[in-house]
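To keep things clear, I will list the structure first and then write my remarks on it.
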Amino acid sequence: MAKASDLFVAALEAEGVETIFGVPGEENLDLLESLRTSSIRLVLTRHEQGAGFMAATFGRLTGQAGVCLSTLGPGATNLVTAAAYAQLGAMPMLMITGQKPIRSSKQAHFQIVDVVGTMQPLTKYTRQIVSADSIPARVREAFRRAEMERPGATHLELPQDIAGDTTDARLLPRSYSRRPVAEEKAIARAAEVIAQARRPLLMLGAGANRKSTCRCLRAFVDKLGIPYFTTQMGKGVLDEDDPLWLGCAALSDHDFVHRAIDAADCIINIGHDVIEKPPFFMKHDFMREGGRTVIHVNYEGAVVDAVYFPQVEVVGDIANAVWQITEAVEPQPHWDFGFFLRVRDALADDIRRRAGDDRFPLTVPRLVADLRGALGERDIVCLDNGLYKIWFARNYRCRKPNTLLLDNALATMGAGLPSAIAARMAHPDRRVVAVCGDGGFMMNSQELETAVRLGVDITVLVLRDNAYGMIKWKQAHEDFPEFGMDLGNPDFVRYAESYGARGHRPGSAAEFAQVLRTALDAPGIDLVEVPVDYGDDDRIINEEIPRLSAAIDQP
């Protein structure tokens with residue numbers, strides 16, 4: 001016979017869990033004692049939301065479900081945003097929450113909320129464990145669901161009395177599984193459409209960034225020479241220094257890359273997830289005779305909406321489907337990529353020109369360029385959410401998969417710093433930078449203490465504009481009077497130092513680049529406060545870029 005909490009921890013170990021992030025409470029004490037004598041490391045965080053973001057990021061980078069822990073009631077509800085973050089972002093994660101005894105309790109309904117019911121719309125699987133004997137099956141199923149395509153969040157509630165029970169249940173072995181292979185007829189139809197097109201174009205989405213599709217896609221591009229672009233969460237699937245990379249659809253329309261999209265008569269859509277903001281809009285011209293064809297290649301069939309209704313679907317393992325299509329298509333003499341390459345050159349010129357802006361407070365394109373120049377191809381940048389995310393998605397060239405972690409699904413604030421901590425733990429051999437607006441940073445800034453206590457080596461850039469800048473920008477763009485967006489900030493340098501980190505405040509654009517390299521080279525935690533100016537962004541994004549992109553010669 002074994003104690004139920006010991007069996008639960010043994011089941012986690014059998015799933016390969018090495019780290020749990022969380023804030024335990026009295027309802028977790030049996031589980032906590034079982035963890036104390038296990039091989040699993042407990043990372044105590046300062047807030048459950050931070051723990052959830054760390055677990056989700058760990059899952060995103062490794063493909064194995066990250067695990068986080070909380071007590072009942074307020075601890076569990078603090079995981080709700082992280083659950084949505086993982087679920088919408090397709091990040092495998094298991095949340096474990098405590099609960100009062102379910103057979104009898106002397107505390108009536110104190111702190112009790114229906115956590116399983118709360119998590120139902122935010123997870124792939126949520127269960128209360130009502131018997132110690134069911135632990136092996138529940139844990140195995142939670143991990144299976146979290147990690148299978150499409151990945152996401154799962155949740156198990158372990159009540160206090162169940163955790164203290166005994167059981168003779170045994171662990172369940174992992175099952176062997178193989179993802180389904182796309183139908184031969186679908187492959188043949190996709191190959192036929194690609195071969196007949198005049199200007200085919202490849203799009204790489206979030207689904208292509210989750211599995212080992214890079215080699216198959218690299219072979220596809222090398223053989224066929226078809227140019228490609230990415231969604232925000234598809235960045236890095238293929239090298240963005242490649243001459244065939246045309247950009248990222250960071251904006252929904254009117255950027256340079258959208259000229260290529262508009263000129264394409266066939267878009268081969270690898271791993272697109274409609275949870276992202278649309279990288280392009282399918283309009284009526286897609287349906288007319290001789291119009292453009294969209295090929296959907298993904299693990300699941302297309303989720304059709306008003307702006308996405310692909311005409312050809314290839315459903316199955318993405319890597320295998322790409323390999324089959326590569327085998328079935330030969331380069332065609334009638335393919336014409338001349339206009340695409342002019343788009344590429346125009347985008348490169350635009351990025352290069354904005355990178356040299358010496359104004360201070362800093363412009364974000366300059367900051368992006370300096371950071372890209374200071375980091376290696378495998379180093380990781382973790383973005384919080386704000387206006388700067390558009391510039392990073394558009395201008396930061398990723399050389400490897402999952403080296404720019406941004407959230408274009410839930411797009412929550414507060415995830416940048418916790419994600420950087422988890423990224424460094426997952427990849428201790430890489431440099432990791434968190435980029436946060438002052439608003440998002442302050443939502444989970446207390447995790448600086450967690451980083452210092454763990455001894456992780458990260459650099460944190462806090463972009464200060466003393467406002468909720470993106471909403472303030474939208475407010476101005478839509479001609480609303482300025483209201484309700486300005487805020488005050490602490491002295492971020494002294495704030496960092498109060499936690500035992502180092503703080504820096506550059507006074508010019510040139511000094512920022514120097515300070516950044518110093519921070520990256522130093523061990524431990526460095527926070528760099530960077531004053532930024534979004535004043536020109538509305539004009540640049542909504543007027544200048546559309547004008548420059550429209551000026552490219554028609555194909």
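The values are calculated or read from the model by the stated rules, or taken from the named source; none is laboratory data. Note that the structure is predicted; figures quoted are calculated from it, not measured. So basically every Cβ, Gly included, is an ideal-geometry build from the backbone, and we count neighbours across all protein chains shown.
Determine if segment 208-227 includes at least one residue that is touching a His at 6+ places or on another chain (Cβ under 8 Å) and surrounded by fewer than 16 Cβ atoms within 10 Å (Cβ to Cβ).
No: segment 208-227 contains no residue that is touching a His at 6+ places or on another chain (Cβ under 8 Å) and surrounded by fewer than 16 Cβ atoms within 10 Å (Cβ to Cβ).
Residues in segment 141-189 that are exposed (fewer than 15 other Cβ atoms within 10 Å of the Cβ), among the basic types (K, R) and over 22 Å from I20 (Cβ atoms): how many?
Adding up the residues that qualify gives 4.
Which residues, taken from segment 16-47, are surrounded by fewer than 20 Cβ atoms within 10 Å (Cβ to Cβ), acidic (D, E) and touching a helix residue (DSSP H, G or I) at 6+ places or on another chain (Cβ under 9 Å)?
E26, E33
What number of residues within segment 520-535 are touching a strand residue (DSSP E or B) at 6+ places or on another chain (Cβ under 9 Å) and either loosely packed, with under 14 Cβ neighbours inside 10 Å or under 21 Å from N444 (Cα atoms) (or both)?
10
Pick out the one residue from A83, A137 that is modelled with pLDDT of 95 or more and out of contact with any strand residue (DSSP E or B) (no Cβ under 8 Å at 6 or more places or on another chain). Show your work before the answer.
Numbers: A83 fails: out of contact with any strand residue (DSSP E or B) (no Cβ under 8 Å at 6 or more places or on another chain).
Answer to the check: A137.
When you go through Q128, Q196 one by one, which is the residue that is among the polar types (S, T, N, Q), surrounded by fewer than 16 Cβ atoms within 10 Å (Cβ to Cβ) and at pLDDT 95 or above?
On inspection, the qualifying residue turns out to be Q196.
Kindly provide the set of residues from segment 95-129 that are of a type in the set (A, V, I, L, M, F, W, C) and either at positive phi or in contact with a helix residue (DSSP H, G or I) (Cβ under 7 Å, 6 or more places away or on another chain) (or both), ordered by number.
M95, I102, A108, I112, V113, V115, M119, L122, I129
Would you mind telling me which numbered condition in (1) closer than 30 Å to Y499 by Cα; (2) out of contact with any strand residue (DSSP E or B) (no Cβ under 6 Å at 6 or more places or on another chain); (3) among the charged types (D, E, K, R) D30 fails?
Tallying (1) closer than 30 Å to Y499 by Cα; (2) out of contact with any strand residue (DSSP E or B) (no Cβ under 6 Å at 6 or more places or on another chain); (3) among the charged types (D, E, K, R), D30 fails exactly one: (1).
For V329, work out the one condition from (1) out of contact with any Leu (no Cβ under 7 Å at 6 or more places or on another chain); (2) closer than 18 Å to A188 by Cβ it doesn't fulfil.
Among (1) out of contact with any Leu (no Cβ under 7 Å at 6 or more places or on another chain); (2) closer than 18 Å to A188 by Cβ, V329 violates only (1).
Could you tell me how many of the residues in segment 50-89 are surrounded by 22 or more Cβ atoms within 10 Å (Cβ to Cβ) and on the phi > 0 side of the Ramachandran plot?
0
Scanning for something farther than 19 Å from C382 by Cα and not polar (S, T, N, Q), does segment 455-462 turn up at least one residue?
No, the conditions are met nowhere in segment 455-462.
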